[in-house]
Amino acid sequence: MIYIFGYGSLIDADCRQCTFPGEHAYAARLHGYQRYWSGLKSAEDRSAVVITPDNNASVNGVLIPFDESFLPELDKREEDYDRVLLDVSQLDLLDTLPKPAVKIYTYVAKEYWHPQSNSPILQSYLD
(Lines give C-alpha, C1' and ligand atoms only; values in the text may rest on other atoms or scores of the structure.)
Protein backbone atom coordinates (compact mmCIF):
# COMPACT_ATOMS: atom_id res chain seq x y z
CA MET A 1 0.00 0.00 0.00
CA ILE A 2 1.20 3.51 -0.83
CA TYR A 3 0.71 6.26 1.77
CA ILE A 4 1.22 10.01 1.81
CA PHE A 5 2.24 11.64 5.10
CA GLY A 6 0.20 14.84 5.30
CA TYR A 7 0.93 17.52 7.88
CA GLY A 8 -0.84 20.65 6.55
CA SER A 9 -3.76 21.00 4.18
CA LEU A 10 -3.75 17.25 3.42
CA ILE A 11 -4.93 16.63 6.98
CA ASP A 12 -8.29 18.12 5.94
CA ALA A 13 -10.45 15.52 4.17
CA ASP A 14 -12.31 18.12 2.08
CA CYS A 15 -9.04 19.63 0.90
CA ARG A 16 -7.68 16.20 -0.06
CA GLN A 17 -10.77 15.55 -2.17
CA CYS A 18 -9.75 18.45 -4.46
CA THR A 19 -6.80 16.40 -5.72
CA PHE A 20 -7.58 12.72 -5.16
CA PRO A 21 -10.30 10.54 -3.69
CA GLY A 22 -9.36 10.40 -0.04
CA GLU A 23 -9.83 7.48 2.24
CA HIS A 24 -9.57 7.45 5.99
CA ALA A 25 -6.46 9.16 7.37
CA TYR A 26 -4.39 7.49 10.10
CA ALA A 27 -2.60 9.49 12.81
CA ALA A 28 1.20 9.35 12.77
CA ARG A 29 4.27 11.27 13.91
CA LEU A 30 7.24 11.84 11.59
CA HIS A 31 10.68 12.16 13.19
CA GLY A 32 13.52 14.22 11.73
CA TYR A 33 11.43 17.17 10.50
CA GLN A 34 9.92 20.33 11.93
CA ARG A 35 6.77 22.20 10.90
CA TYR A 36 7.32 25.76 9.69
CA TRP A 37 5.11 28.56 8.33
CA SER A 38 6.49 29.81 5.03
CA GLY A 39 5.66 31.88 2.01
CA LEU A 40 5.30 29.97 -1.26
CA LYS A 41 6.73 30.88 -4.65
CA SER A 42 3.64 29.71 -6.52
CA ALA A 43 1.26 31.61 -4.21
CA GLU A 44 2.96 34.87 -3.31
CA ASP A 45 -0.23 36.13 -1.65
CA ARG A 46 -0.26 33.61 1.20
CA SER A 47 1.81 31.37 3.41
CA ALA A 48 1.42 27.68 4.17
CA VAL A 49 2.74 24.97 6.44
CA VAL A 50 5.93 23.30 5.25
CA ILE A 51 8.29 20.85 6.87
CA THR A 52 12.04 21.12 6.93
CA PRO A 53 14.71 18.64 8.06
CA ASP A 54 15.59 18.81 11.77
CA ASN A 55 17.03 15.74 13.50
CA ASN A 56 15.79 16.97 16.90
CA ALA A 57 12.15 17.52 15.94
CA SER A 58 9.02 15.63 14.97
CA VAL A 59 5.77 16.51 13.22
CA ASN A 60 2.27 15.20 13.85
CA GLY A 61 0.23 14.38 10.78
CA VAL A 62 -1.71 11.66 9.02
CA LEU A 63 -0.96 8.75 6.72
CA ILE A 64 -3.36 8.66 3.79
CA PRO A 65 -3.80 5.51 1.68
CA PHE A 66 -3.09 6.57 -1.86
CA ASP A 67 -3.34 5.28 -5.41
CA GLU A 68 0.04 5.92 -7.01
CA SER A 69 -1.67 6.93 -10.28
CA PHE A 70 -2.57 10.26 -8.59
CA LEU A 71 1.09 11.20 -7.92
CA PRO A 72 1.40 13.47 -11.00
CA GLU A 73 -1.65 15.47 -9.87
CA LEU A 74 -0.38 15.69 -6.31
CA ASP A 75 3.11 16.68 -7.50
CA LYS A 76 1.50 19.49 -9.50
CA ARG A 77 -0.51 20.64 -6.49
CA GLU A 78 2.63 20.54 -4.32
CA GLU A 79 4.88 22.28 -6.85
CA ASP A 80 6.75 24.24 -4.16
CA TYR A 81 7.78 20.99 -2.47
CA ASP A 82 9.97 18.00 -3.24
CA ARG A 83 8.35 14.59 -2.89
CA VAL A 84 10.46 12.49 -0.51
CA LEU A 85 10.32 8.75 0.07
CA LEU A 86 10.25 8.03 3.81
CA ASP A 87 11.33 4.97 5.73
CA VAL A 88 8.72 3.47 8.04
CA SER A 89 11.30 3.67 10.87
CA GLN A 90 10.95 7.48 10.73
CA LEU A 91 7.30 7.20 11.81
CA ASP A 92 5.40 6.43 14.97
CA LEU A 93 2.05 5.00 13.93
CA LEU A 94 -0.66 6.27 16.26
CA ASP A 95 -3.39 4.27 14.48
CA THR A 96 -3.41 0.79 12.98
CA LEU A 97 -3.00 0.87 9.21
CA PRO A 98 -5.39 -1.26 7.14
CA LYS A 99 -2.50 -2.60 5.03
CA PRO A 100 1.27 -2.52 5.54
CA ALA A 101 3.10 0.39 3.92
CA VAL A 102 5.08 -0.46 0.78
CA LYS A 103 6.01 3.20 0.18
CA ILE A 104 5.42 6.34 2.23
CA TYR A 105 5.91 9.76 0.67
CA THR A 106 5.78 13.28 2.04
CA TYR A 107 6.44 16.73 0.61
CA VAL A 108 9.33 18.86 1.90
CA ALA A 109 9.72 22.56 1.15
CA LYS A 110 12.17 23.41 -1.65
CA GLU A 111 12.62 26.88 -0.11
CA TYR A 112 11.18 28.44 3.02
CA TRP A 113 11.07 31.82 4.68
CA HIS A 114 9.03 33.62 7.31
CA PRO A 115 5.61 34.87 6.18
CA GLN A 116 5.65 38.52 5.12
CA SER A 117 2.95 41.19 5.07
CA ASN A 118 2.32 40.37 1.39
CA SER A 119 2.16 36.62 2.12
CA PRO A 120 0.14 36.27 5.33
CA ILE A 121 -1.12 33.14 7.02
CA LEU A 122 -4.78 33.01 5.99
CA GLN A 123 -7.35 32.59 8.77
CA SER A 124 -9.17 29.97 6.67
CA TYR A 125 -5.95 27.90 6.61
CA LEU A 126 -5.58 28.17 10.37
CA ASP A 127 -9.19 27.09 10.85
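When you scan the stretch 86-102, do you find a residue that is under 20 Å from Val49 (Cα atoms) and β-branched (Val, Ile, Thr), even just one? Within the stretch 86-102, none of the residues are under 20 Å from Val49 (Cα atoms) and β-branched (Val, Ile, Thr).
Among the residues of the stretch 55-70, just one is open to solvent by 80 Å² or more (accessible area, probe 1.4 Å) and of a type in the set (D, E, K, R), namely Asp67. Identify all residues within the stretch 107-127 that are within 24 Å of Gly32 (Cα to Cα) and of a type in the set (Phe, Trp, Tyr); write none if there are none. Tyr107, Tyr112, Trp113, listed by residue number. Just one residue in the set Asp75, Asp45, Asp80 is without any contact (Cβ under 8 Å) to a residue 12 or more places away in the chain and closer than 23 Å to Ile121 by Cα; that residue is Asp75. Looking across the stretch 3-54 at every residue that is modelled with pLDDT of 95 or more and more than 13 Å from the chain's Cα centre (by Cα), the one that is least open to solvent (accessible area, probe 1.4 Å) is identified as Gly32. Entry remark, the stretch 71-106: residues being surrounded by 12 or more Cβ atoms within 10 Å (Cβ to Cβ), within 15 Å of the chain's Cα centre (by Cα) and outside any strand (DSSP E or B) number 9 in total.
The values are calculated or read from the model by the stated rules, or taken from the named source; none is laboratory data. Note that the structure is predicted; figures quoted are calculated from it, not measured. All Cβ positions, glycine included, derive from the backbone under ideal geometry; neighbour counts span all protein chains shown. Surface areas here come from the heavy atoms of the whole protein model, side chains and all, with no ligands, DNA or RNA. Shrake-Rupley method; radii C 1.70, N 1.55, O 1.52, S 1.80 Å.
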